[in-house]
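Everything on this sheet refers to the single structure shown next.
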Amino acid sequence: MIPSSKSPSTSSTDTASRERQLLTMIEIERFLLMERNLNRKNCLPLLKLCAELAEVDRITVFQYHPSESGIEALSVIAEWCAEGVEMQTQWQNLNLQGEQYQTVLERARQMLNTGEMLMCHVKELTIAEQMLSSSGGVQALLLIPISVKNRFCGIAALQRVKSSALWDEEIRNFLKSTAVAVSIALERKYAEQDLVEAKEQFQAVLDAVPGFVSWVDSNLTYLGLNQYLASMLGKPVEEYIGKKVGFLNPKFHDFLKRLFESPYQGSIMEDTVTIGGRRMQHLIVAQKYHHGKAAVCVGINITDRKIMEEKLREQAALLEITRDAVILQELDGRVLYWNASAKRIYGWTKEEVLGRNIKYDLYSESDIAEDEVRRQILFEKGEWSGELRQRTKDGNVIIVESQCVLVPNENGEPDKVLIVNTDITEKKNLESQMLRNQRMDSIGLLASGIAHDMNNVLAPILAGLLLLRQYNPDEQARRWIDMLEQSAERGKELMRQILSFARGESGEKTVLNLSQLAKDVYRFVSQTFPKEIAVQLEAPSTIWMILGDSTKLYQAILNLCVNARDAMPNGGKLTLEVKNVVLSAKQAALYVDAKEGEYVQLTVTDTGTGISPDVLDKIFEPFFTTKEVGKGTGLGLSIVYSVVNSHGGFLDVQTKVGHGTSFMLYFPATKAQQTQVTEEPIEAMVGCGEVILLVEDDVGVREVANAVLLSMGYTVRTANNGAEAVAVFAKHQDEINLVLTDIMMPIMDGIACVHAIRAIKPSVPVVIMTGLMDGEKVAKLSTVGIQGSINKPFRAEALLQTVFRALKQTEVRT
């Protein structure tokens, strides 16, 4: 450091110099007062005043940039140069930000540590320092630190280019005072900036509040308000200052009035106001200050929250009235929410299930493992859907369609499990009935084909027995013929049952009383069933009539009773009940093919073993049985189903394993009255040479029928199919007295054949033979008219009687 010396142009005792310093200081103070915002441009006059007083050729001002990384840097923010002195281009164009001045300006580091000015000849500096300062021709250098609030913020570098003289103490003190004045001005500038920024920040915060903020005095006059409130009221903020509170909302005025009159420091209320046609709700909090002479009010806009709360209430109400069970669970299965439909479907109240894991209540032990697999899929994929078999509080098994999703928390992690279950038990029952009907229809078609072929096999046997008796008068031969007849009749009965199942054969239906039929069955089973089974009958005499086949109905009821007996090997109770019922449209919708109206219901109930749910859908299938081999044919319930269906009715089954089963048969009631049926006497069956056209594709049936007719005095012409029959009839139409034709034949069936023959000769009588006749074929035949029909397999007597009556009927008409 070079000791201080007097300036070549100034003496410390020179009075004029002091006056000049004083005037300069006054000018600097005046400048600092006028310039509230020092910057690179407007600080040049200040630098010029200092330079002229200190007799320097250049003043450069550096700004200090501290860094948390420990690397401290300087950058040029302003520079003044005397006339003829060039600017420091390496400083003017060089941004020292990032340069480590510890290695370039070591003396500046020392100045930071002491806070004192640094004065020196440039030639005394290090080579690195000289490279930075002497390029501008600097000979003498004075560095003055500038601080704000005791914090170093920059350096003023005074440089003499034309002289190497250093500055005396008086000038240095003046410059130091000037630096203090500048520091004070900067502090004032920064304080004013901080105040402006604070006000702006405060106002920005107030304007960002999602509600209004206002200040009022005890006279209920606005002292201030934020932009939200001004926008809500519709005018700029300034227009409301000094105005009375509550000119739009008297309720708010009364709220603040009560606050100032009360001893409390604060108050709160909810307020609703309509502004510009919009209804807004606020939560208002008011707090007194300034010794109770003023209050600040904050109104948070809760309109959206109220709307959301209302929506939540509506959604909660919807959850309560929905038909689906809505359940919310913890991840461990504990129930958190249980709506009203969950109670209706399962039977448990929410008080009984909240906080509990009801897995073991809903599922049997065999279903627990499957539930664990479902939960694993749920946690892997976030959702699961499917059908579940569950138990209710009463122990009943139901089927639900379940939708399960994971509900995440605010971090997106699984937090809850939402379950929506729809009870589809009735729907599944209807689907099962429909599938059962479809299966029965398919099996019925198969059974129809089998029965048709078997009837053709049995027909020649039964019809030919008459001929065998005529040609075998021997007693032993007759016994063999009787045995053949009995076997053929058993086969015929079996085929009748198959045809009954296949809806192909329908006996004659009459008006009958189902109570009387139930009494007949009751008398039979009471005498034949084991004594350990108590049989009870409930059949009032006021039962409506139905239209039905008594033989088939009797067999159907007896089949149900036999099944009930077999389900009670250790005894029990068998009940037959007949009653009148009226089904509404809603009740009828629960059953496939059911219609609203009046029905007679026959119920067969036992207290036996019940039917397992696993086989319930199969019990009406032909040949399906759960009995041991040799103890059941599997046709009993299939025949019951077919009989009920052929009578235009439907049935239902209710069963519980270990408790018993109820079969409920519904038959449409009729208004007709029961009549006595009398058989007309058998006419003579001998022909008088009448010519009969016999049309049959089965050789056995055709040959036997031909032989029977010939043996009884008829003349017969035969045809193998409908097309051949039309040709024969066209050739011999004048001599043919009757057409006896099968229905199901190749090339041309019986119906087409009858149409073609009637086109040739409309008056010719027709008798049909069939092993299977469905409703469609009967309807087609009714359009052409027939004089008789006979079902295969038939006895010779039935064939002859049918032909004879048809011929006689034609004679009467003609």
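The values are calculated or read from the model by the stated rules, or taken from the named source; none is laboratory data. Predicted model, so just to flag it, every value in this text is computed and none were measured. Neighbour counts run over all protein chains shown; Cβ positions are idealised from the backbone, glycine included. Surface accessibility is based on the protein's heavy atoms, side chains included, excluding ligands, DNA and RNA. Shrake-Rupley method; radii C 1.70, N 1.55, O 1.52, S 1.80 Å.
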note = Those residues of region 410-427 which are of a type in the set (D, E, K, R) and crowded, with 17+ Cβ neighbours inside 10 Å amount to Asp423
note = The strands (runs of 3 or more DSSP E) lying entirely within region 280-399 that contain at least 1 residues which are in contact with a His (Cβ under 9 Å, 6 or more places away or on another chain) are 294-301
message = If a residue must be aromatic (Phe, Trp, Tyr) and open to solvent by less than 40 Å² (accessible area, probe 1.4 Å), how many such residues does region 299-342 contain?
response = 1
Among (1) buried (at least 16 other Cβ atoms within 10 Å of the Cβ); (2) aliphatic (A, V, I, L, M); (3) within 19 Å of the chain's Cα centre (by Cα); (4) not in a helix (DSSP H, G or I) - the single one Val407 does not satisfy = (1)
Lone unmet requirement of (1) part of a loop (DSSP other than H, G, I, E, B); (2) modelled with pLDDT of 90 or more; (3) more than 19 Å from Val653 (Cβ to Cβ); (4) not small (Gly, Ala, Ser) for Val535 = (1)
ask   = Mind checking which residues of region 147-164 are crowded, with 17+ Cβ neighbours inside 10 Å and in contact with a Pro (Cβ under 7 Å, 6 or more places away or on another chain)?
value = Ile155
ask   = In the set Lys381, Lys343, which member is under 25 Å from Gly412 (Cβ atoms) and under 23 Å from the mean Cα position of the chain (by Cα)?
value = Lys381
ask   = What number of residues within region 655-691 satisfy the criterion of being open to solvent by 40 Å² or more (accessible area, probe 1.4 Å), in a strand (DSSP E or B) and either small (Gly, Ala, Ser) or at pLDDT 90 or above (or both)?
value = 1
query = Within region 279-322, can you find the residues that are in contact (Cβ under 8 Å) with a residue 40 or more places away in the chain and small (Gly, Ala, Ser)?
reply = Gly292, Ala294, Ala295, Gly299
task = For region 134-186, name all the residues that are free of Cβ contacts under 8 Å to residues at least 24 places away in the same chain and touching a strand residue (DSSP E or B) at 6+ places or on another chain (Cβ under 8 Å).
result = Leu141
